[in-house]
Amino acid sequence: MPRAFTPKLVTANHLLEGDVVYLTADDRWTRRIEEAELIEDEAHAQIRLLDAQARSHEVVGTYLADAEPGPHGPEPTHFREDFRRRGPSNYPHGKQETSPQPRA
């Protein structure tokens, strides 16, 4: 029996800079997960993913990531996504210096 669909967001890496980006409801790529479109319908999620994958001149590695509503916008539900949004892990720099602390 297939699992029930859970909310998703479309994520990828910026083609030139490599930063993690998220697709917004108005078709922009943003580096802020809070601005990402939280998709709660499976068919709509698949359409949004196909549309995003067609934008290979902007991004690479496009996929759907599990997320949930949060007080300021979508929040990742998996450690991998929480980790990705913070950037490289070798030392705090760039967006890591201003990122919220990981959930306990």
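Read-outs: derived from the displayed coordinates by stated rules, not from any lab. Given the structure is predicted, the values throughout are model-derived calculations rather than measurements. Glycine also receives a Cβ, built like all others from the backbone with ideal geometry; neighbour counts cover every protein chain displayed.
Here the simple spin-label model places points 7 Å from the Cα toward Cβ, and for Asp41 and Glu17 these points are separated by 3.2 nm. Which shape class, rounded, prolate or oblate, goes with the range 14-62 when its Cα gyration tensor gives a ≥ b ≥ c as root eigenvalues, a/c under 1.5 marks rounded, and past that a/b bigger than b/c marks prolate? Taking the square roots of the gyration eigenvalues as a ≥ b ≥ c, the range 14-62 is oblate. Seen from Ala65, the other residues with C-beta closer than 13 Å to its C-beta sum to a net charge of -1, counting Lys and Arg as +1 and Asp and Glu as -1.
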